[in-house]
Every structure is written in C-alpha cells, then in structure tokens.
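Visitor: Supplied in structure tokens, the structure appears directly below.
Derivation of every value follows stated rules applied to the coordinates shown; laboratory data play no part. The shown structure was predicted, so the numbers you read here are calculated from the model rather than taken from an experiment. A quick note on method: Cβ atoms are made from the backbone with ideal geometry, for glycine too, and the neighbour counts reach across all protein chains shown.
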Amino acid sequence: MKHHIFTVTLLLIALTCYLAGYSGAGNLAFVIGAIFETWFWIRLIIKHPSADGNS
C-alpha cells in the first residue's frame with residue numbers, strides 16, 4: 001500500500017510540474033513513479049520461495 005501512496009504522490013507532483021510549465025521536473029517525477037509501480041507489480045507477480053514461509 002505504501003508504494004501506491006508514493007506513486008500517487010509522484011503523479012500529483014508530476015501533474016503540478018506540468019501545469020506550472022516545468023516539463024523536465026514533471027517528466028522526472030513521472031519516470032520515478034513508473035519505476036516504483038513496475039517494481040511493485042514485479043514483486044506482486046513473482047513470488048519468492050522464502051516468502052511462502054515453508055522452509
């Protein structure tokens with residue numbers, strides 16, 4: 001859940017930068033948000049054997 005809050009925050013920062021005319025900063029915030037979102041989905045889809053609790 002923390003990753004989604006961080007991603008939404010970065011999206012809002014990116015949109016604010018776009019509206020203010022700072023396209024470079026907006027693009028950077030958008031890319032960082034996309035990286036975190038991708039990382040979240042990869043961790044959700046790929047389950048590691050140690051995460052199951054069976055040793």
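Visitor: So how do 7-15, 38-46 stack up, highest first, on mean other-Cβ count within 10 Å? All intermediate terms of the calculation are to be shown ahead of the outcome.
Guide: Values: 7-15: 15.8, 38-46: 10.6.
Ranked by mean Cβ neighbours within 10 Å, highest first: 7-15, 38-46.
Visitor: Assuming 1.306 mPa s and 10 °C, estimate D for the range 2-46 with Stokes-Einstein, Rh taken as the Kirkwood radius over Cα pairs, in µm²/s. Show your work: numbers first, answer last.
Guide: Numbers: Rh = 10.6 Å.
Estimated via Stokes-Einstein, D reaches 150 µm²/s.
Visitor: If R₀ is 22 angstrom, what is the calculated FRET efficiency for the pair TRP41 and THR9, using the beta carbon separation as r and rounding to 0.05?
Guide: Numbers: r = 18 Å, r/R0 = 0.81.
Plugging the Cβ-Cβ distance into 1/(1 + (r/R0)^6) gives 0.80.
Visitor: Further, regarding this structure: Step through the residues of the range 12-18 one at a time and calculate ³J(HN,Hα) from phi using the Karplus curve (6.51 cos²θ - 1.76 cosθ + 1.60, θ = phi - 60°), rounding each to whole Hz and writing x for Gly and Pro.
Guide: Using θ = phi - 60°, the values come out as 5, 4, 4, 5, 5, 5, 4 Hz.
Visitor: Enumerate by residue number the chymotrypsin sites (Phe, Trp or Tyr not before Pro) in the range 1-31 meeting two conditions: DSSP loop (anything except H, G, I, E, B), and at most 15 other Cβ atoms within 10 Å of the site's Cβ. Kindly include the intermediate steps, with their values, before the conclusion.
Guide: Values: sites: PHE6, TYR18, TYR22, PHE30; in loops: TYR22.
Qualifying residues, ordered by number: TYR22.
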